[in-house]
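Report on the structure given below.
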Amino acid sequence: MEDIHNNSQGIGSWLLENIVTIIFIAFTLFGFMVSSGVSVGYFFSELSSRVFRNSFLVLSLIIPVLAGLGLNFGIVIGAMSGQVAIAIARYFEMGGLSGLSFCFAVALIAAALCGYFTGKLYNKTRGQEMIASLIVGYFANGIYQFLFLFVVGVVIAVPATHPMIKPDGIGIRMTVDLVPVKQGGLKYALDNIYQIPFVHALLILSVAILLLLIVRFYLNKRTGHAYRNSMFSFFANSTLCIALAGVAVHAMVTKSELMIVRKVPVVTALLVIGLCIFTVLIMKTKLGQDFRSVGQSQHTAEVSGINVDKTRIIATMISTVLAAWGQIIYLQNMGTLNTYNAHTQIGMFSVAALLVGGASTSKASITHAIFGTILFNAMFIMSPEIGQSLFGQAILGEYFRTFMVYGVIGVALGLHVWKANKKNRIIVE
């Protein structure tokens, strides 16, 4: 009876921890059941495009979580830094790879500086970093609006004839066209470098992950670390990779709907993979171990000789810079700069995507970020279709998106408080 009770408690705890992920999976499957207007080709085309342009932003949240800073809503400051860089490049009509490189360089400097001061603020608001990150984001947005609405044109003289400047010569237009690369602009500057069909990318990725699993399994066994090998996990992941490879081969042979899915931007995908590798490698360094130590216990880390304040500032700076680069990747894919609104929801949406993948305020991984990005964007695609199918109004699906975003964050924060209270009760008892 005790074993049954423990098993039921374990299942209940697992369901509670993954309730958000389960809801999103169920919602996506439900969307396919009730919607007749969503083809497999359309769904994967939209999902592929969204995942590649959003993944970098979501991945930028991992390091602050591991460093004990919680969910860094302050990445919106990094997004603004990226937009400032893009606005400068667009004003001077810089485009292509040179213009993109200029944007990354300017964003690096601006975001690193903003990240430093944001990190200093987090150290002053220790224990309330998530609230502080929200407030500092609103404060930074005020400065950003003042810069683009007033300083440009009044303090910094600009010609009113420039296509991105308002007709009266003061401020930047609401929407700025980034112009296609062929015309010397930034639109698709990264995505159009090299593209391959979706099914080819799926096959390559599946085979690469399968080979990686086999090599890791073999090396662990050879070096005496066989205890790291989980047979169930190995066979489950291997089976999934083989299944995906089989789907890709079948699609190529039968010319199925997957063949019409939008092509995959290889360079963008490589940048996302590069960020995943960077995150793994940095956590194996001395700095990465400091991040973990500070995240687990600031007092213990300080006693061990770690400069806690400096470590937290570095984590914030890295996150802010990555968010700035992620926003540049996002905007070059969108092709337009929504000057005053493009950054406003970046923090909320990225945090929600990370939580959907199974992360929490104190635990996050690359798997959480990628899986959450896929599920979150799947929900975005299916929401209007479900609203149209059930109620005859797609706009209801749009409202549901907003409800889900804030609902996910609310549930995650509620679970965080509940777990903290439960842990404190156990300690007291």
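Checking each residue in region 166-197 for being free of Cβ contacts under 8 Å to residues at least 60 places away in the same chain and surrounded by 15 or more Cβ atoms within 10 Å (Cβ to Cβ) picks out K166, G169, I170, G171. For region 219-242, the candidate set comprises residues that are without any contact (Cβ under 8 Å) to a residue 12 or more places away in the chain and of a type in the set (S, T, N, Q); within that set, the residue that is nearest to L202 (Cα to Cα) is T239. Taking the criterion of being surrounded by fewer than 19 Cβ atoms within 10 Å (Cβ to Cβ) and within 18 Å of L271 (Cα to Cα), the residues of region 198-208 that qualify are I204, L205, A208.
Applying the set (1) assigned to a helix (DSSP H, G or I); (2) β-branched (V, I, T); (3) touching a residue at least 12 places away in the same chain (Cβ under 8 Å) to T344 leaves exactly one unmet item: (1). Listed by position, the helices (runs of 4 or more DSSP H) contained in region 35-131 that have at least 2 residues being among the polar types (S, T, N, Q), buried (at least 20 other Cβ atoms within 10 Å of the Cβ) and in contact (Cβ under 8 Å) with a residue 24 or more places away in the chain are 40-59, 75-91. Scanning region 174-213 for residues being among the polar types (S, T, N, Q) and touching a strand residue (DSSP E or B) at 6+ places or on another chain (Cβ under 9 Å) gives a total of 3. Only a single criterion out of (1) more than 26 Å from A140 (Cα to Cα); (2) surrounded by fewer than 18 Cβ atoms within 10 Å (Cβ to Cβ); (3) at pLDDT 75 or above is not satisfied by G357, namely (2).
Mind checking whether some residue in region 280-293 is in the same structural domain as S49 (by TED's automatic domain parsing), surrounded by fewer than 21 Cβ atoms within 10 Å (Cβ to Cβ) and closer than 30 Å to F44 by Cβ? Looking for residues that are in the same structural domain as S49 (by TED's automatic domain parsing), surrounded by fewer than 21 Cβ atoms within 10 Å (Cβ to Cβ) and closer than 30 Å to F44 by Cβ, one finds at least one in region 280-293, hence yes.
Every residue, every condition in (1) in contact (Cβ under 8 Å) with a residue 12 or more places away in the chain; (2) farther than 26 Å from I86 by Cβ; (3) in contact with a helix residue (DSSP H, G or I) (Cβ under 9 Å, 6 or more places away or on another chain); (4) assigned to a helix (DSSP H, G or I), yes or no:
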site	(1), (2), (3), (4)
G274	no, no, no, yes
T279	yes, no, yes, yes
D290	yes, yes, yes, yes
V294	yes, yes, yes, yes
T311	yes, yes, yes, yes
I318	yes, no, yes, yes
L322	yes, no, yes, yes
I328	yes, no, yes, yes
L331	yes, no, yes, yes
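No other residue among G224, G305 is modelled with pLDDT under 90 and not in a helix (DSSP H, G or I) apart from G224.
Would you confirm, using the coordinates I've provided, whether S319 is at pLDDT 95 or above and either assigned by TED's automatic domain parsing to the domain that holds L57 or over 17 Å from N54 (Cβ atoms) (or both)? Against the criterion (at pLDDT 95 or above and either assigned by TED's automatic domain parsing to the domain that holds L57 or over 17 Å from N54 (Cβ atoms) (or both)), S319 qualifies. Restricting region 64-86 to residues that are among the small types (G, A, S) and out of contact with any Pro (no Cβ under 9 Å at 6 or more places or on another chain), which is farthest from L134 (Cα to Cα)? That would be A85. Here F371 fulfils each of the conditions (1) part of a helix (DSSP H, G or I); (2) closer than 30 Å to I165 by Cα apart from (2). Please go through region 314-327 and give me each residue that is buried (at least 21 other Cβ atoms within 10 Å of the Cβ) and more than 13 Å from the chain's Cα centre (by Cα), ordered by number. Residues satisfying the conditions are A315, T316, M317, I318, V321. Within the bounds of region 241-255, is there any residue that is among the aliphatic types (A, V, I, L, M) and outside any helix (DSSP H, G or I)? No: region 241-255 contains no residue that is among the aliphatic types (A, V, I, L, M) and outside any helix (DSSP H, G or I).
The values are calculated or read from the model by the stated rules, or taken from the named source; none is laboratory data. Just so it is clear, the structure is predicted and the values come from calculations on it, not from any experiment. Cβ: placed from backbone, ideal geometry, glycine included. Neighbour counts: every protein chain shown.
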